[in-house]
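Participant: Right, I'll just put the structure down here and ask away after.
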Amino acid sequence: MTTIGLIGAGHIGSQLARAAIAHGHDVVVSNSRGPETLVDLVSELGPSARAGTPAEAAEAADIAVVTTPVHAIGSVPAAPLAGKPVIDTNNYYAQRDGDIAELQDGTLTSSELLQKHLTGARVVKAFNHIQAAAITAEAQEAGTSDRRALAVASDDEAAKAAVAAFIDEIGFDVVDLGPLAEGWRVQPDTPGYGPRLTADELRAAAQAATPPQRS
């Protein structure tokens with residue numbers, strides 16, 4: 001049994017918690033407002049879930065999930081995530097997150113920015129190009145002919161494999177984009193961002209994406 005530690009318990013975080021528990025995992029959910037604000041969610045999730053602070057969720061995690069706005073990356077606790085796979089679900093939206101020069105000019109992807117903050121962790125980009133409700137609504141058994149695929153990117157092959165196994169377990173095929181620098185291929189305004197695509201279709205969409213400017 002694996003513990004999934006969620007730093008952020010909004011739409012994506014709560015859906016991932018539901019999917020994880022449905023497949024036998026424990027979850028620790030957290031947000032920026034405190035465990036007391038998560039009573040209703042934990043009650044719904046049942047005995048395999050508990051609420052904690054972001055640091056407690058990070059400490060408990062075998063696999064962590066950072067699902068907070070990009071502008072809040074600096075608040076993610078780094079020390080307890082050292083050595084752990086960390087799923088980054090985030091997308092950069094300048095109107096919400098402000099002007100971040102490295103993301104505006106394509107020097108870094110948002111996941112590379114998170115990796116810079118979490119120097120000891122092993123960041124894996126995933127779940128950023130699927131609507132939250134689809135995480136549970138569109139899950140299918142392995143081998144289903146039209147099974148939806150999700151993309152992953154990471155600089156750490158072992159962490160990427162662990163996250164890919166989790167994604168497959170909860171109901172989706174996996175397309176490997178390569179390192180974190182390639183995560184832009186399914187970011188907003190690309191063909192792979194949003195639609196329900198099979199693995200072959202997602203690979204084609206990722207290849208068709210227009211690269212951002214990188215210095």
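Participant: Under the Karplus relation 6.51 cos²θ - 1.76 cosθ + 1.60, θ = phi - 60°, what is the ordered set of whole-Hz ³J(HN,Hα) values for the stretch 40-57, x standing for Gly and Pro?
Facilitator: Ordered by residue, 3J(HN,Hα) equals 5, 5, 5, 4, 5, 5, x, x, 7, 10, 9, 9, x, 7, x, 5, 5, 5 Hz.
Participant: Next question. Along the stretch 179-186, what does the Karplus equation 6.51 cos²θ - 1.76 cosθ + 1.60 (θ = phi - 60°) give for ³J(HN,Hα), rounded to whole Hz, x for Gly and Pro?
Facilitator: Working through the residues one at a time gives x, 4, 4, 8, x, 4, 5, 10 Hz.
Participant: Shifting gears a bit: If you average the C-alpha positions of the stretch 93-113 and of the stretch 182-206 separately, how far apart do those two centres end up, in angstrom?
Facilitator: 19
Participant: To continue, here is another question. Show that you can apply the helix-only estimate: for the chain, add -39,500 (n - 2.57) for every DSSP H stretch of four or more residues, divide by all residues, and state [θ] at 222 nm to the nearest 500.
Facilitator: -8500 deg cm²/dmol
Participant: At most 15 other Cβ atoms within 10 Å and a DSSP loop assignment: could you name the GluC sites (Glu not before Pro) in the stretch 1-98 that fit?
Facilitator: Loop-located and lightly packed - none at all.
Participant: How large is the dipole of the chain about the Cα centre if only Lys and Arg carry +1 and Asp and Glu carry -1, each at its Cβ, rounded to the nearest 20 debye?
Facilitator: Around 160 debye, computed over the chain.
Participant: On to the next question. On full extension of the chain, what length is gained from Gln140 through Thr37, given 0.36 nm per residue of separation minus the C-alpha to C-alpha distance?
Facilitator: 33.9 nm is the gain from fully extending Gln140 to Thr37.
Participant: Using modelled backbone amide H atoms (1.01 Å from N, in-plane), which distant-in-sequence or interchain residues come within less than 5 Å of Lys84's amide H?
Facilitator: Hits under the 5 Å cutoff: Arg122.
Participant: Between Ala72 and Ala199, what FRET efficiency comes out of the Förster formula 1/(1 + (r/R0)^6) with R0 = 30 Å and r the beta carbon distance, rounded to 0.05?
Facilitator: Efficiency for this residue pair is about 0.40.
Participant: For the stretch 61-210, report the accessible area per residue in Å² (1.4 Å probe, heavy atoms, rounded to an integer).
Facilitator: 40
Participant: So how exposed is Asp146, as accessible area in Å² (1.4 Å probe, rounded to 10)?
Facilitator: In the full protein context, Asp146 sits at about 70 Å².
Participant: Next question, about the same structure. Computed FRET efficiency, Cβ-Cβ of Ala94 and Ala161, R0 41 Å: what is it to the nearest 0.05?
Facilitator: Efficiency computed from Cβ-Cβ geometry: 0.80.
Participant: When the accessible area of the stretch 1-138 is computed with all protein chains present and a 1.4 Å probe, what percentage of it is carbon and sulfur?
Facilitator: Ligands and nucleic acids excluded, carbon and sulfur reach 53 percent.
Participant: Something else about it: Can you pull out the trypsin sites (Lys or Arg not before Pro) in the stretch 112-215 that DSSP calls coil and that have at most 12 other Cβ atoms within 10 Å?
Facilitator: Of the trypsin sites (Lys or Arg not before Pro), the ones in loops of the stretch 112-215 whose Cβ has at most 12 other Cβ atoms within 10 Å are Arg214.
Participant: Using the Cα centre of the stretch 52-185 as origin and beta-carbon charges of +1 (Lys, Arg) and -1 (Asp, Glu), tell me which of Val70, Ala126, Val175 is placed farthest towards the positive end of the dipole.
Facilitator: About the Cα centre, the residue reaching furthest to the positive side is Val70.
Participant: While we're here: Can you list residues from other chains, or at least 5 along the same chain, whose modelled amide H is less than 5 Å from the amide H of Gly178?
Facilitator: Ser154
Participant: So, one more: In debye, nearest 20, what is the charge dipole magnitude of the stretch 4-62 about its Cα centre with +1 on Lys and Arg Cβ and -1 on Asp and Glu Cβ, if you could check?
Facilitator: With Lys and Arg at +1 and Asp and Glu at -1, about 140 debye.
The values are calculated or read from the model by the stated rules, or taken from the named source; none is laboratory data. No experiment lies behind these values; they were computed from the predicted model shown. Every residue, glycine as well, gets a Cβ built from its backbone with ideal geometry; the counts of neighbours run over all protein chains shown. For accessibility, only protein heavy atoms count, side chains too; no ligands or nucleic acids. Shrake-Rupley method; radii C 1.70, N 1.55, O 1.52, S 1.80 Å.
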